[in-house]
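Working notes for the structure below.
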Amino acid sequence: MFKKTLGLILCVAMLISVVSPAYAAKDTTWKQEALRQLGIYQENLVTYDGFTKSIAGFFYDNPDEISAEEFAKSVGMLEANEEYKGQSALTVGNALKLAVIALGYKPVLGENGNYIQKASQVGIADGISANSSTKLKADVATDILYAMLDAEPLVKTYGGKQGVAYEVAYGESLLSINRDISKVRGLLTGTETTSIYGKDGIAKDGCIIIDKVTYYAGEVSYDRFLGKNVIAYVQETDELENTVLCVSETSTGNKTVIIDCEDITDIGDSISTITYQETKTKTKTLKIIASPRVLYNGMFLEDYVEADFKSVMLEIIDYDGDKVYDVI
């Protein structure tokens, strides 16, 4: 019986949909930070030790509970009589195989199965060179680990006299099965200090509100995500509110425009529009929702006037995709 999960939220992977023959290095810093917050990211990712210990974070709240070698044996990455390679460098092919084994697919693939193909099928090799001899780099390792957050594992459903049966745990992940962590998506509307709806929408101390659901956030500030669609990784607890471990902005669902007040050329009646100099030769007009939610220095501003928008840098957000901006 799988643990019941919530919906999906915030940390986002901008990945290509097929395995590519080459991989262009890109900034994965935000993915590293998300993985760290989830207790997954370890140093020395390009070694067996570092990569294996990182994968242990999908199974344990505290990966230090088990050594990398012991963990590798426990999930089938390492046979009982096989020498552990420790600090040896990994190739991309090695890393993908370890990830696929951790996801539970070894029983149907065997020792010599096509692990690269399976990695592509489960979505953890997207956009990454699948050449098994390519030396693993930290950014590629990060992409593989981040993609594993959404990968659906293979689990044993029966084991007895009639044999063993496996099935894909659709809608589940290693985190949801092993650590009661689910991914939820929604609009972050309130923190303990303010809300896009004013004082009535403020969360309890140490909490945030995503799509009308309150989550415990501790001392971490998520004010910068107010009025934006987010993905959040949430761990189920025995407390009244489940705990948010990681929040990030979604790659879709938020249209954000940054405007320097000096570039504003006109503001419509009742702040119905804002026109600004987009380029030296072109202006652009944004439609603003009636009674927009206005935040000033991280606090809800109820009584605002036109002059308030002419002395600051503006971030204007359309969070529902209707091309009318909702939050300033």
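Of the whole protein surface, Ser120 contributes about 40 Å² of accessible area at a 1.4 Å probe radius. Note: relative contact order over the chain, using C-alpha pairs below 8 Å and six or more positions apart, is 17 percent.
Within the assembled protein chains, the solvent-accessible surface assigned to Asp320 is about 80 Å², based on a 1.4 Å probe. Farthest towards the positive end of the charge dipole of the chain, among the residues Thr250, Ser272, Ala89, is the Cα of Ala89, using unit charges on the Cβ of Lys, Arg, Asp and Glu. Based on C-alpha pairs under 8 angstrom that are at least 6 apart in sequence, the stretch 31-102 has a relative contact order of 30 percent.
Ignoring any ligand, DNA or RNA, what whole percent of the accessible area of the chain comes from carbon and sulfur when the probe is 1.4 angstrom? Carbon with sulfur: 48 percent of the solvent-accessible area. Highest mean packing comes first when the peptides 57-70, 177-190 are listed by Cβ atoms within 10 Å, giving 177-190, 57-70.
Solvent-accessible surface of the stretch 195-328, averaged per residue with a 1.4 angstrom probe and all protein chains in place: 57 square angstrom.
Shape class for the stretch 276-328, computed from the alpha carbon gyration tensor (a ≥ b ≥ c): oblate, with a/c not under 1.5 and a/b at or below b/c. 3J(HN,Hα) along the stretch 29-35: 4, 5, 5, 4, 5, 4, 5 Hz, from the Karplus curve 6.51 cos²θ - 1.76 cosθ + 1.60 with θ = phi - 60°, whole Hz, x for Gly and Pro. Amide H contacts of Gly206 (H built 1.01 Å from N, in plane; Pro and chain starts excluded): Glu192 sit under 5 Å, all sequence-distant by 5 or more or on other chains.
Here the dipole of the stretch 128-221 is about 260 debye; that uses its Cα centre as origin and unit charges on the Cβ of Lys and Arg (positive) and Asp and Glu (negative).
Of Thr214, Thr279, the order by accessible heavy-atom surface (1.4 Å probe, DNA, RNA and ligands excluded), from most exposed downward, is Thr279, Thr214.
Just check the stretch 116-220 against the gyration tensor rule for me: Cα atoms, a ≥ b ≥ c as the square roots of the eigenvalues, rounded for a/c under 1.5, and otherwise prolate or oblate depending on whether a/b exceeds b/c. Write out the running numbers ahead of the final one.
Values: a/c = 3.50, a/b = 1.71, b/c = 2.04.
Taking the square roots of the gyration eigenvalues as a ≥ b ≥ c, the stretch 116-220 is oblate.
Between the Cα long axis of helix 92-102 and the first principal axis of the chain there is an angle of about 90°, rounded to the nearest 10.
The C-alpha atoms of the chain define a longest principal axis, and helix 138-148 lies at about 90 degrees to it. Counting only protein chain heavy atoms and rolling a 1.4 Å probe, the accessible areas of Lys97, Lys255, Lys135 rank, largest first, as Lys135, Lys255, Lys97.
The values are calculated or read from the model by the stated rules, or taken from the named source; none is laboratory data. Computed from a predicted structure; not experimentally measured. Neighbour counts run over all protein chains shown; Cβ positions are idealised from the backbone, glycine included. With ligands, DNA and RNA removed, areas are computed over all heavy atoms of the protein, side chains included. Shrake-Rupley method; radii C 1.70, N 1.55, O 1.52, S 1.80 Å.
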